[in-house]
Amino acid sequence: MTLSEKILELRTAQNLSQGELAEKLDVSRQSVSKWETNQSVPELDKIVKLADLFGVTVDELVREGETPQLAQPEAPCAPKPERAAVYAQWKFTPIQTLGILLIAGGMMMMMLAAFVGGDPLLFIGGVLAIFGVPLLLAKKHGFLIDGWMAWTAGYVLLYTPVMMGQWYSPLWGFQLMWIALNTTGSFAPPVMLLFYLAYLAVAILSIFLPVYTARLVWIWWKRRKETPPA
């Protein structure tokens with residue numbers, strides 16, 4: 001196979017037109033046409049550029065013989081199966097990552113509370129760690145589990161006379177009034193605001209959680225009904 005035939009073959013293999021090849025080599029299209037029709041021979045520097053462009057050696061391009069093979073791009077090195085399995089094992093979803101952060105942050109706060117002796121810090125750290133467990137371990141609906149846990153804890157703390165003592169009242173509106181009348185000192189407004197937000201959160205969860213849970217159950221039941229038996 002002559003040089004002209006090799007240029008034509010290699011150019012066609014790379015889906016290049018004569019004009020595109022000429023532009024890459026900084027020559028005219030007529031020059032490329034003359035090379036391929038064996039009317040002229042490329043200069044040495046153009047032969048070198050042709051070899052680099054097609055990924056072949058100058059000797060393969062110039063020497064008469066079979067068509068040189070185009071250079072194949074090297075495939076990226078794949079990780080070893082063992083290492084890939086380890087990476088897949090330690091890959092966490094964003095929700096699981098949030099659960100890890102909550103658990104780690106809660107544990108750090110609890111350890112800090114052990115040194116400084118802060119009961120509120122110990123309580124907050126414990127709450128964060130507990131609420132991070134469903135996000136880390138639950139495959140689905142970790143936030144829904146946290147919501148039911150928060151509703152249960154809020155109901156037990158706010159709606160039972162054992163926990164509320166003299167502040168207990170079945171209706172949260174009267175409860176706030178009772179707190180306002182019986183709380184003295186500069187901490188009265190923050191305490192009232194805290195109780196108000198807690199009752200408001202329990203009220204919202206009391207509406208949202210049953211509706212959302214019922215919706216999930218309905219979707220699960222509908223899919224199960226539509227799935228044909230094996």
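Within segment 94-144, work out how many residues are among the small types (Gly, Ala, Ser), surrounded by fewer than 17 Cβ atoms within 10 Å (Cβ to Cβ) and closer than 26 Å to LEU216 by Cα.
Residues meeting the conditions: 1.
Quick check on segment 147-155. Is at least one of its residues at pLDDT below 65 and open to solvent by less than 100 Å² (accessible area, probe 1.4 Å)?
no
If I filter segment 63-77 down to residues being open to solvent by 70 Å² or more (accessible area, probe 1.4 Å) and of a type outside the set (Asp, Glu), which single residue comes out as modelled with the highest pLDDT?
Of everything passing the filter in segment 63-77, ARG63 is modelled with the highest pLDDT.
Do you know which of the residues in segment 179-230 that are at pLDDT 80 or above and among the polar types (S, T, N, Q) is farthest from LYS140 (Cα to Cα)?
Step by step, filter segment 179-230, then rank; the result is SER206.
Quick test for you: out of GLU23, GLU60, GLU82, pick the one residue that is modelled with pLDDT under 85 and either in contact with a helix residue (DSSP H, G or I) (Cβ under 9 Å, 6 or more places away or on another chain) or among the β-branched types (Val, Ile, Thr) (or both). Outline the logic, then answer.
Details: GLU23 fails: modelled with pLDDT under 85; GLU82 fails: either in contact with a helix residue (DSSP H, G or I) (Cβ under 9 Å, 6 or more places away or on another chain) or among the β-branched types (Val, Ile, Thr) (or both).
Of the residues listed, the single one that is modelled with pLDDT under 85 and either in contact with a helix residue (DSSP H, G or I) (Cβ under 9 Å, 6 or more places away or on another chain) or among the β-branched types (Val, Ile, Thr) (or both) is GLU60.
The values are calculated or read from the model by the stated rules, or taken from the named source; none is laboratory data. Given the structure is predicted, the values throughout are model-derived calculations rather than measurements. Cβ atoms come from the backbone with ideal geometry, glycine included; neighbour counts cover every protein chain shown. These accessible areas exclude ligands, DNA and RNA; they are computed on the full protein's heavy atoms, side chains included. Shrake-Rupley method; radii C 1.70, N 1.55, O 1.52, S 1.80 Å.
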